[in-house]
Amino acid sequence: MIEVLAKLGRGPVFLAGEVLECVITFTNPLSASSTSASSEMLAWASAQIHCQFHASENRVALPPSDGTKHDVQAENETVFVPNRGERGQCILSTPPKILFCDLRLDPGESKSYSYCETLPVDGPPSFRGQSVKYVYKLTIGCQRVNSPIKLLRVPFRVLVLHGLKDYQFPQDEAVAPSNPFLEEEEGLKKDSRLADLATELLMVATSRRSLHLYNISNTRGKVGTFCIFKTVYKIGEDVIGTFNFSEGDIPCLQFSVSLQTEESIQEEFQRRRGQPVSFTVHARHQESCLHTAQSSFNLPIPLSSTPGFTTNIVSLKWRLHFEFVTSGESAGTCLVRGSQSEAVTWTGVEQMEVDTFSWDLPIKVLPTNPILASYVSQFSSTNSITI
């Protein structure tokens, strides 16, 4: 028996273009209850990253795949197929790397191997939507002699930030600041600079603030104004907005604001022409606001959500969805006098004519620092199997 342990040192979330590093340890455990301990042999082990795409058959019409489906593993087959038995199509993969050949482990002995690979910048982000899914996995395959191949899959999340692909690092490394007391490999140095560049680009894009004022009105007149200071955010940030109903001609009884994503399939891949888009609500605020001069809302963008993106099959956009309930009467008739005595009591009316209308405000949501997103990731940094 051999235990295979794979550990992602920095966490299970990465930016496209970063270097994924995984330490894979093979151990022949020494059991105290075992009467006879013997050496174990592995013929080979290999590792590869792939992105698996799955689409809903009811919503997406895909062309037939040319790839051969591998579901059955022959007893003595030595072909390493990382996505064997997986649903959907493998749309992206890195070249496989051999970790070792003919490994012998004595009882209690273990050996570790480091796997490093740059994540492709032209791939889609990790996404689990209502119509399509993009799932990234690191698959480690190993085999005993005359035994079937065993696969250890390590799922992880990929965030895509547009603009990193076209950035060219300076050729003269001498002008770049460095720490003489640290020895860094070239790949790790570039990887850290890529993360710093992404953090800087995200900070610049999401720190710009300017006042955006919108008049809220229906067919009968003005209800109020809405104010927001920016429309570009990172996942993990809060969307904050304020309302001013004091200048409105039509009294607003209630409003609600929903933070939504809009998942739409490109026209050529739609199962039915003109099929509706899919909406997902990530946060919602609802408030009764009769006789309220000003109000506000605060909606957090979940760190686990996917920033907006577009591929040849699907498009994901973010928006604020507003719904307003207004009175068909003036504000003064929303209360009635309940007593003619000296002590006057005002109560709400039992019935009221109301109007409802909605409004959508598009916003842009970008990725965040992958280390921050790792804290709430559903994936584990450590995975293992026993063969």
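Every number in this text was worked out from the coordinates using simple rules, so none of it is lab data. Only a predicted model underlies this, so the values are computations on that prediction, with no experimental measurement involved. Cβ placement follows ideal geometry from the backbone for every residue including glycine, while neighbour counts extend to all protein chains displayed.
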Diffing the range 193-198: the Karplus 3J(HN,Hα) column from phi (6.51, -1.76, 1.60, θ = phi - 60°), in whole Hz with x for Gly and Pro, holds 5, 5, 5, 5, 5, 4
Counting only residues 5 or more places away or on other chains, whose amide H sits under 5 Å from the amide H of Ile235 once H atoms are built in the peptide plane? Leu366, Thr368
Using 1/(1 + (r/R0)^6) with R0 = 56 angstrom and r between the beta carbons of Ile98 and Gln351, what's the FRET efficiency to the nearest 0.05? 0.15
Between Ile385 and His212, the two model label points (7 Å from Cα along the beta-carbon direction) sit apart by a distance in nm of 4.7
Modelled label-to-label distance, Ile240 and Asn146, 7 Å Cα→beta-carbon offset: nm? 7.1
Could you give the nm distance between label points at Ser110 and Arg272, where each point is 7 Å from its Cα heading toward the beta carbon? 5.5
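Give me the net charge for the shell around Thr386: Cβ to Cβ below 12 angstrom, other residues only, Lys and Arg +1, Asp and Glu -1.
-1
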Which shape class applies to the range 87-142: rounded if a/c is under 1.5, otherwise prolate when a/b exceeds b/c and oblate if not, where a ≥ b ≥ c are the square roots of the Cα gyration tensor eigenvalues? prolate
